[in-house]
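Only one structure is covered here, and it is reproduced in the block below.
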Amino acid sequence: MSENFQEALTLMAVGMLTVFVILLLVVVLGNAIIMFVNRFFPETESKLSNTSPPGQVDRKHLAVIAAAVSVVTGGRGRVLKVEKEG
Amino acid sequence: MSENFQEALTLMAVGMLTVFVILLLVVVLGNAIIMFVNRFFPETESKLSNTSPPGQVDRKHLAVIAAAVSVVTGGRGRVLKVEKEG
Amino acid sequence: MSENFQEALTLMAVGMLTVFVILLLVVVLGNAIIMFVNRFFPETESKLSNTSPPGQVDRKHLAVIAAAVSVVTGGRGRVLKVEKEG
Amino acid sequence: MHILEELYEMTAFSSLGQQPGVLLMLLVGFVLLYLGIAKKYEPLLLVPIGFGVILANLPGGGMGVVSADLIHLPNDRYMNLFEIGSEYGIMNYLYYALIKTGFLPPIIFMGVGALTDFGPMLRNLRLAFFGAAAQIGIFTVLLGAIAMGFTPQEAGSLGIIGGADGPTAIYTTIMLAPHLLGPIAIAAYSYMALVPVIIPLVAKALMTKKEFKINMKQQDKLYPPKHKIKNLKLAKILFPIILGVVVAFFVPSSVPLLGMLLFGNLIKELGSITSRLADAATGPIMNTATIFLGLAVGATMTHDVFLKGQTLGIIVGGFLAFAISIAGGILAVKAYNLFSKKKINPLIGATGLSAVPMASRVANELALKYDSSNHVLQYCMASNISGVIGSAVAAGVLISMLQ
Amino acid sequence: MHILEELYEMTAFSSLGQQPGVLLMLLVGFVLLYLGIAKKYEPLLLVPIGFGVILANLPGGGMGVVSADLIHLPNDRYMNLFEIGSEYGIMNYLYYALIKTGFLPPIIFMGVGALTDFGPMLRNLRLAFFGAAAQIGIFTVLLGAIAMGFTPQEAGSLGIIGGADGPTAIYTTIMLAPHLLGPIAIAAYSYMALVPVIIPLVAKALMTKKEFKINMKQQDKLYPPKHKIKNLKLAKILFPIILGVVVAFFVPSSVPLLGMLLFGNLIKELGSITSRLADAATGPIMNTATIFLGLAVGATMTHDVFLKGQTLGIIVGGFLAFAISIAGGILAVKAYNLFSKKKINPLIGATGLSAVPMASRVANELALKYDSSNHVLQYCMASNISGVIGSAVAAGVLISMLQ
Amino acid sequence: MHILEELYEMTAFSSLGQQPGVLLMLLVGFVLLYLGIAKKYEPLLLVPIGFGVILANLPGGGMGVVSADLIHLPNDRYMNLFEIGSEYGIMNYLYYALIKTGFLPPIIFMGVGALTDFGPMLRNLRLAFFGAAAQIGIFTVLLGAIAMGFTPQEAGSLGIIGGADGPTAIYTTIMLAPHLLGPIAIAAYSYMALVPVIIPLVAKALMTKKEFKINMKQQDKLYPPKHKIKNLKLAKILFPIILGVVVAFFVPSSVPLLGMLLFGNLIKELGSITSRLADAATGPIMNTATIFLGLAVGATMTHDVFLKGQTLGIIVGGFLAFAISIAGGILAVKAYNLFSKKKINPLIGATGLSAVPMASRVANELALKYDSSNHVLQYCMASNISGVIGSAVAAGVLISMLQ
Ligand code: NA
Ligand code: NA
Ligand code: NA
């Protein structure tokens, strides 16, 4: 058996072992993170995401207007406020 | 007549000849491509362009919605499906 | 007093002096520009900005359509003209 | 007469006589364009590569990448980029500035990360483990290639095609055997595009009808998972940071790839506060990188480099690596099922490749053929995404031990 | 056994024993990510910097920026970028190509310029003058730092934190003391993010209730300004051109920063005829520059460079520079009010920092707390924007006299 | 006193005395800005060039491009980009990395290709031939310039202005006579902007009223073209591929320009499968390239390089090249009409320049003036687009024979 082939066998063993260890770690760490999050920060998503205020119905229209304004102004204009007239 | 000027005359001849030859080739090749396409692949455009399904009327609305969603979500959101409620 | 400290004092003097002089120049030049503009080119903005033709009402709709077309066509399509059918 | 001579000198016909391989390479370029355009095999890569091949082989155009020997100076120094650009033109400038330095693959991985959603994997973490088995093709073909006479570095670059991940294959090849960059990149992207053909082929050979019908949702009902994720958003933010640190401790040489992947993922998961960065990473940066990568990789395939027996070996070996990886994933699940009550559909092993999300989609359609209610997409995505990590880790091992 | 040995060799654990500082640096990285993500302190910069710190310090990953000594060759020459990229990897490639050459800060300034509106400043030109006083912190801390044993170059880089301008601080530090780049960049961006805390702190210490209530609009009514601008658009086009020429005559060394800022501003003010350029400058160019700047600055903070007494000095000194600058601005207004009938709210001096537009918003809220009808935002913006010019000029003086 | 001395040293006034040409160059910069802004002559190029001129000539700012001699080292080596950036600053970094290496013009041509539609040309292929005659100005002025004492390389760069194509002119000049880059770039873009003036001038001098009224649509009805295109989409995909190969065989030295143009066109014509690439090529890549090209070209125009008799020669010669090219196109059509029953409007020869699509629009308006039903736009576009190919080919000939 050539020396290169010997080296290749070692590589295979080290390589597959490493890949398995790392993906095992992915599973273990993933579970640890989930347990940590579930225990200490359950359902606090609203704090981190500051995007969606109430009033879902009007948002659709707002979105259309915003899209229009944004494209027309080359992304520089922004819709700051939209009020109904009546 | 200077040597440079002699060279320039050669350049002019070679240059204009080349330009004419290449644009002649553009004409010839262009016609060859058109004849080839007309003969072997007439009107198969629909195969290559997979963009426009039927239902042109609804597409207008879809486009507006898609535009809005795309801009509002920074191009990340995509409209996968739009269904009428009633 | 160390030589470095001496140098630092000079730096402070030169630096603050320069900053004051430059911002004084900002004020002076700014006023000069304003006076120049007010005198020779008052209210000629329309010449420089060629964006907003009349017909504000229709522009809203146009904007929405333009936005949609632009996003859907990846910014390549442009709305050149929109005419009412009736 | 004199004018015609000058004209003939200027054209490429004079040099064509000495290099008949050029015509063959033009054919290769046309085939790649055909695959990219008409067959829609990874057109974003194959079209630039194909065009790059054509440009590079047209004699006299100076668009082919020159051998690294030509930029090597005495005293172990190299020509600088200004000299390379001035002397050898735009393609060599791109190649030596962006490719040979190993710059673009991590940059593309940043974009890939910003497009990746670890959610499906976090929801089915256990399945991530099967992304490991699907790397076996890499090392099997490495063994075989060495037996066939490839150097270990060449064999490693060839094997990595089995990881089913274009940027990883390119990065590994740049580090280990840059003279094989062209054919390996093409094999990697072509087989990725052929996933809809190769996965069913291997799966049907190794799986029983009963196995195709294993319904993951039913199994979940029978044996429900331990815990639900109560704050997915936070979990998805913590995951790339912590995984980055841990992977880096174990396989430092995978950091350029995995680190950038996880960074890209982080700026995506943070939402609006860093969306400017994520948009740049997935938009202008990634698209520009793709154009330059494709053209420059194509430009490496000059006839004197490409038209060798090795190229054929790479095409065959790459296919084997791919198929063995799929088989490895399937067999690993089958082995697991022997010992577990909760059964797993072996298709989830088959998607332990990278090729996200195409592999998962193909597996899903395959499962639906056997049972039209058996939606396995989300489960496949778990091993599919872990396969990206798996092959980057394998690449790190190869680089650290062979470089 | 042999295999496990190889495995151990490959991991970073072997080198960890020799470098215990690594764990501390990981902690620094986590803290920066926490500040950027949870506290939302300049996330666009602190997230990449934090991730860069983590990547750079993971042993064996090769993602840390190496000392400039290592790329210095005999005969006063330097390794070329191709050699740097090939030898030291992607982060050193980014750092030596884009940061150490001083390239990215002016590029970012071009984007800043294209996002800046000189309108509020032109409408209240007189207030621009107070942007000068708010640079006093720079030079005061320079003095103090030299007394504490910093070299003049280091002291200048430290002082410039008081200019409250990230790119300016980075540019000055690259030019004068590149070994301090990491801590200075972090201090600069962190304190900019802390403007909502620091301005009220200093303002409340130095201002009376009556001063908080000085109503600028009322003062304008009592003592109306001389002239209205009849063609703001044209004035805003002429301003960057003319200012560019004049500043360049007086402080040539500030041209790379200010020239690019004013160019960016010009292409923005020209509107549609150059909007393609302005969009590129504020979009892909600026975002890409931000990613690469953040990652590379983070990557300079390897444990051997960062974990020094100097770093603590920078953190303390930077805070002092910041606070003294704010105080300087406030006191300058108070001094002015002694001699003028038309009073100015000293908060307008406090916003003589850069930190646009956050400083102005904070000052405005502060004023509204004392008198809910006292809107000072537009007035603050005048000194706020002039503060950007002021600190760039101060940087130019430092560079020209200390380099 | 000492302080004032230091201050004076720092300012540019000290060096101003020695370089009176600076003020003249500032004037040149202002004029270019005026042309770009108020006259709207190619503002995307002239605004950055004008600002670049101003920045480059402000003494002490270090924003001017230095002579190539300064980066030339012994033993035929050059400073590397890191050294250039560190030593000579951002503008030299941009210039020597992106311009002097010939990198940006092909990159811009890729974007031009992705914006070009070969459809009108394919529909009126015969008219493409007239794009050849409109290159005569290039070689006529080359002759004249040599007679006036320019070197052949300089004369070629000057003549290429007659090609009416900015990137081609810049690329040719970089290759043949980089010291003339500034004035040639400006002449090229200025005259392109002056197309609405120059075309009517030449056309009215050479064409009769009757010729202006030749109605192409009527001619098409009288003598209908042989075949219609039954699958334009496929024809437009095949055309850039095949043309690329053929042109490359005949004029290899035009490949960097034409190859990239045709690649850009291909990714555009492929539609959605490569639209990410086409968007990048026409958006961020092209806009960024335009900013950096403009600034760096402007920065080459330092007073010692620009204020020479040659510059005047270039401005006059460039105009002549332009006018003779237009005349050549018109006369070629007139000659053709002598022998053909199917008449062609000579305006179609006039648009054999590049300057797409402005030349065609001007010609169309001109034709409509004489006959309000005579729409020639689509016909003009055919020769107009072929003029881009024509001048790139001419550039290739010049480069291959003069370099
Ligand atoms: Na994989
Ligand atoms: Na400031
Ligand atoms: Na032309």
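The values are calculated or read from the model by the stated rules, or taken from the named source; none is laboratory data. On a predicted model such as this, the values are computed, not experimentally measured, just so you know. Here the Cβ is made from the backbone with ideal geometry for all residues, glycine too, and neighbour counts use every protein chain on show.
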Exercise. What single numbered condition from (1) within 14 Å of chain F (Cβ to nearest Cβ); (2) surrounded by fewer than 24 Cβ atoms within 10 Å (Cβ to Cβ); (3) among the aliphatic types (A, V, I, L, M) fails to hold for E:Met148?
Worked result: (1)
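Taking the condition over 16 Å from the mean Cα position of the chain (by Cα), surrounded by 24 or more Cβ atoms within 10 Å (Cβ to Cβ) and modelled with pLDDT under 95, does D:Ala359 pass? Before the answer, list the steps.
On the way: over 16 Å from the mean Cα position of the chain (by Cα): no; surrounded by 24 or more Cβ atoms within 10 Å (Cβ to Cβ): yes; modelled with pLDDT under 95: yes.
Judged against the criteria, D:Ala359 is not a match.
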Exercise. Does F:Gly85 satisfy the condition of being in a helix (DSSP H, G or I) and small (Gly, Ala, Ser)?
Worked result: yes
Exercise. Restricting attention to the stretch F:353-370, does a residue exist that is in contact (Cβ under 8 Å) with a residue 24 or more places away in the chain and either within 16 Å of ligand 2 (Cβ to nearest atom) or within 14 Å of chain B (Cβ to nearest Cβ) (or both)?
Worked result: yes
Problem set entry | Close pairs from the stretch D:133-158: first within 16 Å of D:Gly309 (Cβ to Cβ), partner of a type in the set (Lys, Arg) and modelled with pLDDT of 95 or more, Cβ under 8 Å, at least 6 apart | none
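Matching residues to (1) away from ligand 1 (no atom under 16 Å from the Cβ); (2) polar (S, T, N, Q); (3) under 18 Å from the mean Cα position of the chain (by Cα); (4) assigned by TED's automatic domain parsing to the domain that holds D:Ser325:
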site	(1), (2), (3), (4)
D:Met91	yes, no, no, no
D:Thr116	no, yes, yes, yes
D:Leu127	no, no, no, yes
D:Ala134	no, no, yes, yes
Exercise. Away from ligand 2 (no atom under 16 Å from the Cβ), in contact (Cβ under 8 Å) with a residue 60 or more places away in the chain and within 22 Å of F:Val247 (Cα to Cα): does that describe F:Gly387?
Worked result: yes
Seminar exercise, completed: Within the stretch F:134-145, residues more than 8 Å from chain B (Cβ to nearest Cβ) and either surrounded by fewer than 24 Cβ atoms within 10 Å (Cβ to Cβ) or out of contact with any Phe, Trp or Tyr (no Cβ under 8 Å at 6 or more places or on another chain) (or both) come out as F:Ala134, F:Val141, F:Gly144, F:Ala145
Exercise. Just a yes or no: is a residue in the stretch D:353-376 out of contact with any helix residue (DSSP H, G or I) (no Cβ under 8 Å at 6 or more places or on another chain) and outside any helix (DSSP H, G or I)?
Worked result: yes
Exercise. Listed residues E:Ile170, E:Ile174; which is under 8 Å from the mean Cα position of the chain (by Cα) and in a helix (DSSP H, G or I)?
Worked result: E:Ile170
For this session: Evaluate the stretch E:126-136: report whether one residue or more is modelled with pLDDT under 95, of a type outside the set (Lys, Arg) and away from ligand 2 (no atom under 16 Å from the Cβ).
Result: no
Exercise. Inside the stretch D:17-51, can you point out the residues that are at the interface with another protein chain (Cβ under 9 Å from one of its Cβ atoms) and of a type in the set (A, V, I, L, M, F, W, C)?
Worked result: D:Leu26, D:Phe30, D:Leu33, D:Ile37, D:Ala38, D:Leu44, D:Val47, D:Phe51
For this session: Look at E:Val376 and say whether it is more than 30 Å from E:Ala97 (Cβ to Cβ), buried (at least 24 other Cβ atoms within 10 Å of the Cβ) and either outside the structural domain of E:Gly159 (by TED's automatic domain parsing) or not hydroxyl-bearing (Ser, Thr, Tyr) (or both).
Result: yes
Seminar exercise, completed: Every listed condition ((1) within 14 Å of chain F (Cβ to nearest Cβ); (2) farther than 29 Å from E:Leu194 by Cα) holds for E:Val65 save (2)
For this session: Being of a type in the set (Val, Ile, Thr) and part of a loop (DSSP other than H, G, I, E, B) narrows it down to one of D:Ile314, D:Ile344, so name that one.
Result: D:Ile344
Seminar exercise, completed: Among the residues of the stretch D:379-391, the number that are within 16 Å of ligand 1 (Cβ to nearest atom) and either in contact with a Pro (Cβ under 9 Å, 6 or more places away or on another chain) or not assigned by TED's automatic domain parsing to the domain that holds D:Pro200 (or both) is 5
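Residue-wise test of (1) facing chain B (nearest Cβ under 7 Å); (2) not β-branched (Val, Ile, Thr).
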{"site": "F:Thr116", "(1), (2)": "no, no"}
{"site": "F:Pro120", "(1), (2)": "no, yes"}
{"site": "F:Arg123", "(1), (2)": "no, yes"}
{"site": "F:Ala128", "(1), (2)": "yes, yes"}
{"site": "F:Gly131", "(1), (2)": "yes, yes"}
Exercise. Which of the residues spanning the stretch F:214-243 are crowded, with 20+ Cβ neighbours inside 10 Å and touching a Lys or Arg at 6+ places or on another chain (Cβ under 6 Å)?
Worked result: F:Ile214
Exercise. Exactly one of (1) touching a Pro at 6+ places or on another chain (Cβ under 7 Å); (2) within 16 Å of ligand 3 (Cβ to nearest atom); (3) not hydrophobic (A, V, I, L, M, F, W, C) is unmet by F:Thr140. Its number?
Worked result: (1)
For this session: Consider E:Glu83 carefully, then state whether it is within 14 Å of chain F (Cβ to nearest Cβ), over 20 Å from D:Leu257 (Cβ atoms) and acidic (Asp, Glu).
Result: yes
Seminar exercise, completed: Just one listed residue, out of E:Ile107, E:Ile160, is out of contact with any Phe, Trp or Tyr (no Cβ under 7 Å at 6 or more places or on another chain) and either within 14 Å of chain F (Cβ to nearest Cβ) or outside any helix (DSSP H, G or I) (or both), and it is E:Ile107
